[in-house]
Structure formats: structure tokens, C-alpha cells
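See below for the structure under consideration.
Any read-out appearing in this document is the output of simple, stated calculations on the displayed coordinates, not a laboratory observation. Keep in mind the model is a prediction, meaning the values are calculated, not measured. All Cβ positions, glycine included, derive from the backbone under ideal geometry; neighbour counts span all protein chains shown.
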Amino acid sequence: AEHLLAMENFITPREAMPEDMRFLIRDYPREAWPDHPTFARPIENWMGAHLMFRQLSELVTTETELYLGKGREGNDYAGRLAYYGDLLVKNLHGHHHWEDHSFFPELLRADERFEAGLDTLESDHLALDHILGQLTRQGNRVVKLMQLDEAQAYEEAGALHGVGASISAFLERHLSDEEDLAVPLLLHHKLRG
């Protein structure tokens, strides 16, 4: 229960998107992005990666719910958890590394106003690293215990469900903020188009 309480600290509402970035989202509303002349494949691919993270996070939670509700056999669940959890963690780490070291600096060079949101996004990445570490530890524990003591694995899966739900909530907020900050900048400055 203590680790779940710690998780809640990472998903509590934080400050909204910086005010000086809001003018771009007003000028480039989300619903108009796909029809914008500079909305190109690289932007679509980046947003596609975000969709994949949302889906993988949801799969971890859904698979855990199926197992907890006796709708998924233990070894089948452990295999799916290991597969989807590993995909989520490794791909998110790689994606955020690329954003922090390549993509975000590109946006900052294009428009210094991005700095107002950059600190928030980078703080999110650090918090997400912590949460993903918890998912990895808890998921590995469930997978190992499945072979040793399924009753204990079942209990641990209950705790893992809370971690997965926290990651889903965190990702939904973070990825939406990231898109709302980055895509208008990309469109405004005709980057990657």
C-alpha cells in the first residue's frame, strides 16, 4: 500500500500548461492538425508512438484485470504481462531519451517560448522513469511468483493493477500536454513538414 501511496504523488494534478504556450494551441487547435499543410508523416509517427504507449499501458491494466477476475490463466497472464510490460517500458525509455536529447532541443532552438513547457515535460519524464521502475519491479515479481506460488502472485497482481492504472493516468496527461505543446510549435515553425 505504501508504494501505491507514493504513486499517487506522481499523478496528482500539477500546474496547467504554461500560459505563454496557450496562444499556440488557440491558433492551432488539435482538431485542425491533420488538415494543416505542414502536418506531415514525422509528426503523425510521433503521435502514433504516443498512441502505442497509451494502448500498451491499457493492455497491461486490462490483462491484469482479466487475471484478477479469473478470465485469464496465470501462466498466460504472466507471458502477456512480461511481453506488453517490456514493450511499454523499453519503448517509453527510448522515446523519452530521443525527446530529451534531440526533439526538445530542436523545438527550443526554433522557439524559446518552448522553455516554459520544457521543464514540466522533463520533470514528467523523471517521474515516469520512477513509475516505470516500479512497474518493472512489480511485474517481474508477479512473473517469478507465478512459477513459485500463484496465490502470492495473485496478490502481487492486485498491487500491479494499481501501478498500471497510475501509469495510464500519468501517460494520458503527459502525452496530451506534450502534444499540445509540441505540435502547434511544429506547425507554426513549419518543422518536420
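Scalar couplings 3J(HN,Hα) for the stretch 109-119, obtained by applying the Karplus form with A = 6.51, B = -1.76, C = 1.60 to θ = phi - 60°, are 5, 6, 7, 5, 5, 4, 4, 4, x, 4, 4 Hz; x denotes Gly and Pro.
The mean sequence distance of close C-alpha pairs (under 8 Å, at least 6 residues apart), as a share of the length of the chain, puts its relative contact order at 42 percent.
Ranking PHE104, VAL89, VAL60 by how far each Cα lies toward the positive end of the dipole of the stretch 56-125 (charges on Cβ) leaves VAL60 at the top.
Basic side chains Lys and Arg get +1 at the Cβ, acidic Asp and Glu get -1 at the Cβ, and with that the dipole of the chain about its Cα centre reaches some 440 debye. Determine the distance separating the Cα centre of the stretch 60-83 from the Cα centre of the stretch 130-157; give it in Å without decimals. Centre-to-centre distance over Cα atoms comes out at 11 Å. Peptide packing: for 37-48, 118-129, the average count of neighbouring Cβ atoms within 10 Å per residue gives the ranking 118-129, 37-48, highest mean first. Going through (1) 49, 38, 29; (2) 65, 41, 36; (3) 56, 31, 27, the figure that equals Cα extents along the principal axes in Å as computed for the structure here is (3).
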